[in-house]
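Structure first, then comments.
The values are calculated or read from the model by the stated rules, or taken from the named source; none is laboratory data. Nothing here was measured: the structure is a model prediction, and the numbers come from that model. Ideal geometry is used to build each Cβ from the backbone, glycine not excepted, and the neighbour counts take in all protein chains shown.
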Amino acid sequence: MAISELQLNNFKDLFMGNIHNYGLHKYSFSEDGKKEKGTNNTITNKLVTMVQYQKHLTGKMGLGIIPINEESKCKFAVIDIDVYDKNFKPYLDAIDRNNFPLIPFYSKSGGLHIYVFFKTLTKAKDAVDRLQKISRILGITLFVKQYKNEALEIFPKQIKLNAGQIGNWINLPYYDAEDTKQGLIRNGSVLNFSEALTIIQMNLTTIEELDILLEDLSFNDAPPCLQTLYLLSMLDENNGRNNYLFSFGVYLKKKDENYFEQAVMNINRTLKTPLETQEVEGTVLSSLRKKDYTYKCTVSPCLDFCDKKICQIRKYGIGKEGGYFSNLIFGNMTQYEAAAPYYEWEVKTQEDEKFKILRFKNEDEIIKQDTFLKLCFRTLHFLPFKMKQVEWFKLVNQNLIPENLKILTINEQDDTSPLVRFKHLFYDFLTTRAPANTKGQILAKRVYFDVEKEKYYFRTKDLIEFLYDYKSFKLFTSGEIHGMLRDIGVTNKIIRADGGQQIRVVELSSRKINEDYLASKEEYEIDYSQYEEEEQF
């Protein structure tokens, strides 16, 4: 096939770069015709002309162009997939299926060079930035790292040329155009030179158009692994469909819990080999209906396409501030029913094998997230972002349903909560101290028990002094103590001593007291140690 002058000019215009520096490559293929091990020569300070482009296309001498020009701009940029003998089809299909204006060519040794061609000269910095984003979204960056353990190369390699710097060149496609090994790939076929020029012209783009395409991609707010797997559509029965659908369900439920079930079914239909409807219902939806779960980040296929840095800035990613504790897995919550209930919650990170226990002294420590965050820091060695309060309440409520909440009753004899400790000390105050034999001795900080009425009389200030000064019990304020006394059944009263003196006291019926905590008159030993001197009446 003869190459016309018009085609040659179009090719030169499309692959225009640094016009004063370029590369020459002398091709040398191996005996099997696959691996190419030619020699390179960089030409500096010499104008690249139509002659070099023509020799390239006719197979006389390979041409390499430096994409970035002296103004740090470019007409094309390239994703260099320097990996051989691998299956590129999922990536090529994703490009076609999602209308990316990317043009893939085979490289001289069987890898891929994926080009983007711009309508006008474009800042090299912008071009490289957009190709880096596209490479991450399509999983190309991870693909190259997996097989080469090297960073993906994108041309131009420089985004700005310093004085005296010429940049790196890349071999152009269609060397020996009539029998090329570097043709444009479309729908699994290699196009001839004329067809390739047409396809390139149809896919010229701008930075603004690339930005619109990236903004309009499906699932831009999802963890990047899910978006990439969706775009590639490469999963079958052997590579983690269940884990993928489950994680997608977690995301879809976070986004819209009223529609997520149908959305999961829709995602299943996009799989290369969809699951049966009954299996989706039984293994994914039935679990997600019960409570919120975290993404399956630590298992395939999500693990294979993990990009933590991007995930952390996605709205429904693993670490978005104000978002979700997606790196945490929540187990059962236990409420210990004591006089003052406390709670334990099973929590672990995805990296942990076993749950760890976070212990909360009261409901307030759960309702407010601060204690939870501190316990994660201390126990899990992980500090999650604080959640939006509405999402936190939703998470807590899911752990308060009967199937997720265990309630254990603590025998009062074994209860060591502050409230029970107060009750014990209060009963000590009533029964184990030297009693008042007369009403007047109440003024000596004693408790008077009226046998006929079966009632106790004492002053609250004496109780508080007993608790604070004698027992060093300061877990409640005096106001809280007054409230607890009213709960027990204490009432205010004014009584008269034998001499007619009025005494302001509180009254408590012995029937209000749990007798299990009261020592009998025959058992208790009177304690006089707190009295230095006793008032005489």
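Just a few scattered comments:
- Residue in region 504-512 that is within 17 Å of L419 (Cβ to Cβ) and at pLDDT below 85 present: yes
- Cβ-Cβ distances below 7 Å connect the following pairs, each with a first residue in region 284-310 that is at pLDDT below 85, a second residue that is among the charged types (D, E, K, R) and part of a helix (DSSP H, G or I), and a separation of six or more residues or different chains: D292/K253.
- For the criterion of being in a strand (DSSP E or B) and either in contact with an Asp or Glu (Cβ under 9 Å, 6 or more places away or on another chain) or surrounded by fewer than 18 Cβ atoms within 10 Å (Cβ to Cβ) (or both), Y427 fails.
- Residue in region 170-191 that is part of a loop (DSSP other than H, G, I, E, B), of a type in the set (S, T, Y) and closer than 20 Å to F117 by Cα present: yes
- Identity of the residue in region 243-290, β-branched (V, I, T) and closer than 22 Å to D93 by Cα, that ends up nearest to the chain's Cα centre (by Cα): I267
- The residues of region 327-345 that are assigned to a loop (DSSP other than H, G, I, E, B) and more than 23 Å from G317 (Cα to Cα), listed by number, are A338, A339, A340, P341.
- Tabulated pairs, region 339-354, first within 12 Å of L405 (Cβ to Cβ), second aromatic (F, W, Y) and not in a loop (DSSP other than H, G, I, E, B), C-beta under 9 angstrom, 6+ apart or interchain: Y343/Y336; Y343/F360; E344/Y336; E344/F360; W345/F330; W345/F360; W345/F372; E346/F330
- Residue in region 376-384 that is touching a Leu at 6+ places or on another chain (Cβ under 8 Å) and touching a residue at least 60 places away in the same chain (Cβ under 8 Å) present: yes
- Taking region 1-56 as the range and being free of Cβ contacts under 8 Å to residues at least 12 places away in the same chain, part of a loop (DSSP other than H, G, I, E, B) and under 30 Å from G164 (Cα atoms) as the test, the residues that pass are K37, T49.
- In the set L214, L210, L204, L191, only one residue is of a type in the set (A, V, I, L, M) and without any contact (Cβ under 8 Å) to a residue 40 or more places away in the chain; that residue is L191.
- Members of region 197-220 that are on the phi < 0 side of the Ramachandran plot, of a type outside the set (A, V, I, L, M) and surrounded by 15 or more Cβ atoms within 10 Å (Cβ to Cβ): N203, T205
- Screening region 67-158 for helices (runs of 4 or more DSSP H) wholly inside it with 3 or more residues that are surrounded by 18 or more Cβ atoms within 10 Å (Cβ to Cβ) and touching a strand residue (DSSP E or B) at 6+ places or on another chain (Cβ under 7 Å) returns the ranges 124-137.
So that you can scan it fast, the table gives a plain yes or no per residue for (1) surrounded by 17 or more Cβ atoms within 10 Å (Cβ to Cβ); (2) aromatic (F, W, Y); (3) under 30 Å from D256 (Cβ atoms):
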site: Y342; (1), (2), (3): yes, yes, no
site: T349; (1), (2), (3): yes, no, yes
site: E353; (1), (2), (3): no, no, no
site: K374; (1), (2), (3): no, no, no
site: L383; (1), (2), (3): no, no, yes
site: K386; (1), (2), (3): no, no, yes
site: N397; (1), (2), (3): no, no, yes
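- Considering (1) of a type in the set (A, V, I, L, M, F, W, C); (2) within 43 Å of the chain's Cα centre (by Cα); (3) surrounded by fewer than 14 Cβ atoms within 10 Å (Cβ to Cβ), the lone condition that V51 does not fulfil carries the number (2).
- From the list S233, S194, the lone residue that is surrounded by fewer than 22 Cβ atoms within 10 Å (Cβ to Cβ) and at pLDDT 95 or above is S194.
- Sole exception among (1) closer than 28 Å to S4 by Cα; (2) in contact with a Phe, Trp or Tyr (Cβ under 6 Å, 6 or more places away or on another chain) for V83, by number: (1)
- Here the condition is being assigned by TED's automatic domain parsing to the domain that holds Q335 and in contact with a Pro (Cβ under 9 Å, 6 or more places away or on another chain); of L400, L358, L373, L380, it holds for L373 alone.
- Qualifying residue in region 112-128 (condition: over 26 Å from L191 (Cα atoms), of a type in the set (D, E) and modelled with pLDDT of 95 or more): yes
- Qualifying residue in region 365-375 (condition: basic (K, R) and modelled with pLDDT of 85 or more): yes
- Those residues of region 346-383 which are of a type in the set (F, W, Y) and either under 20 Å from the mean Cα position of the chain (by Cα) or assigned to a helix (DSSP H, G or I) (or both), in sequence order: F355, F372, F377, F382
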